[in-house]
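Here is the structure we will look at.
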Amino acid sequence: MTSGTLAPLRAPVFRWFFASQGVNRLGSTMAPIALAFAVLELSRAPWALGAVLAARTIPLVAFLLIGGVVADRLPRSLVLTVGNTLAGLTQAAAAALVISGHAEIWMLVVLEALNGTLSAITLPALNSLVPQLVEGDDLRSANLLLNLVRGLIQVGGPSISALLVVGVGPGWALGVDALTWIVSALLLLPVRLPRPGRSSSSGWNDLREGWTLFRTTQWLWVVVVAFGVLNMLSTGAISTLGPVLAKETFGPSGFGAMLSAGAAGDFVGTLVLTRIRFGRPLLAGMLACVATGVQITLFGLQPTLASQVPLCFLAGVALAVFSLAWSVSMQEHIATDKLARAWSYDALGSFVAMPVGQLLFGQLGHVYGIREVIAVGGVGYVVVCLLALLSPEVRTLRPTSPGSRAGP
């Protein structure tokens, strides 16, 4: 890793934010497996897991635009601190219910709905904070460092969660996630940023301004629409039907190994990206995402660890390529005072169909077969990636010159 990559760590506010994100990622990588197998202990029906997952995603989608306005009007570090604290409390309640044996599906639905609402308010602030912490020349390095810690922690997080699920039960893994939310909030306390300039316009006008930016920026809306479909397919195939198929084949530990392999690929891919740059980052990112579609397809056709571990690794590399390309493109080409609203429209479009995948795939798997539905979802994933490249702006968008970015 070059000294230039580490340059953002010279800024104290970025160091605190970096530490906070590392702790938060540890819990977040454990939570999906813990929650999935907590639900499967209560009900083996695929629809039950889909309902709990959708309960989080629906309010996440519904309140994202409000989160964008909040993040452009209030100090983003404050929004994150309060949101993370409350999210920790909701996960602690879920953990207590599961550990005590009093959990029921409807209780987890309610708690995940609260957690999704909090995520909707904090996600735009999280994704638009980095340009306030580092100078323009360090944006790419800051995103590389955040992606590195994400990949490194996700290598071990799913496997640790799977071991906790098998050893002491899913409730304890949820408890660890709750603790990490609280610790991450405490680490954000030294990150004090000025309140954005008070806007004279209403929140409704702020939303309209963000929508105008979104619909008139072709590369932005094309990729967001594509990921609306891609996230629906991957959420339905992997998050909803994946644990069910894993339970029938190689078990929770094997599913954790799959996720850890993907995280290892993400980490290795990010390390490689410290050395190379793409002249057309979105083109490279969308082509790389084809690997994820191949992995999903073969998960349905051949659900063995021998094939899935290397395929998940390659999908993780693809994630690293796209994540960096997307984060830097957004931060370089969109003005800071509009960035949170742009992120909120991005997240809204990307997440809006996820509840459809979570609810629909469970039913489709019951009717047509779990493996068959997963495989078809993977083929669809590849097709959508290639269709996004029909946009000239997606194929040709280039990084800004060093030291420059969208104003003000």
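Where a number appears in this text, it was derived from the coordinates with a stated rule and is not lab data. The structure presented is a predicted model; accordingly, all values stated were derived computationally and were not measured. Quick reminder, even Gly has a Cβ in these numbers, built from the backbone with ideal geometry, and neighbours come from all protein chains shown.
Annotations for the structure displayed:
- Computed E for Thr396/Val110 - FRET, C-beta separation, R0 51 angstrom, nearest 0.05: 0.65
- Correct choice for semi-axes √(5λ) of the Cα gyration tensor in Å that was computed from the model, options (i) 31, 25, 21; (ii) 38, 23, 21; (iii) 35, 30, 23: (i)
- 0 to 90° range, to nearest 10: angle between helix 290-301 axis and the chain longest Cα axis: 10 degrees
- Cα-based shape type of segment 300-385, given that a ≥ b ≥ c are square roots of the gyration tensor eigenvalues and the cut on a/c is 1.5: oblate
- Along segment 212-221 the Karplus relation, 6.51 cos²θ - 1.76 cosθ + 1.60 evaluated at θ = phi - 60°, assigns HN-Hα couplings of 4, 4, 5, 6, 9, 10, 4, 4, 5, 6 Hz to successive residues, with x for each Gly and Pro.
- Rounded, prolate or oblate (a/c below 1.5 giving rounded, otherwise prolate when a/b exceeds b/c) for segment 40-93 by Cα gyration tensor: oblate
- Cα long-axis angle, helix 251-273 against the chain (0 to 90 degrees, to the nearest 10): 20 degrees
- Shape descriptor for segment 228-325: Rg over Rh equals 1.00 (Cα atoms; Rh from the Kirkwood inverse mean 1/r).
- In Hz, Karplus ³J(HN,Hα) per residue of segment 376-391 (6.51, -1.76, 1.60; θ = phi - 60°; x = Gly, Pro): 5, x, x, 4, x, 4, 4, 4, 5, 4, 6, 5, 4, 6, 5, 6
- Note on the chain: with a GNM built from Cα contacts shorter than 10 Å, the maximum mean-square fluctuation among Thr180, Thr216, Thr240 falls on Thr216.
- Crossing angle, helix 336-351 versus the chain [Cα axis fit, 0-90 degrees, rounded to tens]: 20 degrees
- For segment 1-105, applying the loop criterion from DSSP together with a ceiling of 11 other beta carbons within 10 Å to the trypsin sites (Lys or Arg not before Pro) yields Arg44.
- Full-stretch length increase - Arg275, Leu189 - with 0.36 nm per residue and alpha-carbon distance subtracted: 27.6 nm
- The per residue volume of the convex hull around the alpha-carbon atoms of segment 85-171 is 100 Å³.
- Segment 16-124: GluC sites (Glu not before Pro) in DSSP loop, at most 16 other beta carbons within 10 Å: Glu104
- Residues whose amide H comes within less than 5 Å of that of Ile334, counting only those at least five positions distant or on another chain, are Ala406 (H built at 1.01 Å from N in the peptide plane).
- Trypsin sites (Lys or Arg not before Pro) restricted to segment 223-306 and DSSP loop, no more than 14 other C-beta within 10 Å: Arg275, Arg277
- Residue-by-residue Karplus 3J(HN,Hα) for segment 100-115, coefficients 6.51, -1.76, 1.60, Hz, glycine and proline x: 6, x, 9, 5, 10, 4, 5, 5, 5, 4, 5, 5, 5, 5, 4, 4
- The calculated FRET efficiency for Ala62 paired with Ser253, based on their beta-carbon distance and R0 = 45 Å, is about 0.80.
- Taking a point 7 Å out from the Cα of Leu42 in the direction of its Cβ, the residues of segment 237-257 whose backbone N falls within less than 18 Å of it are 240-241, 243-244.
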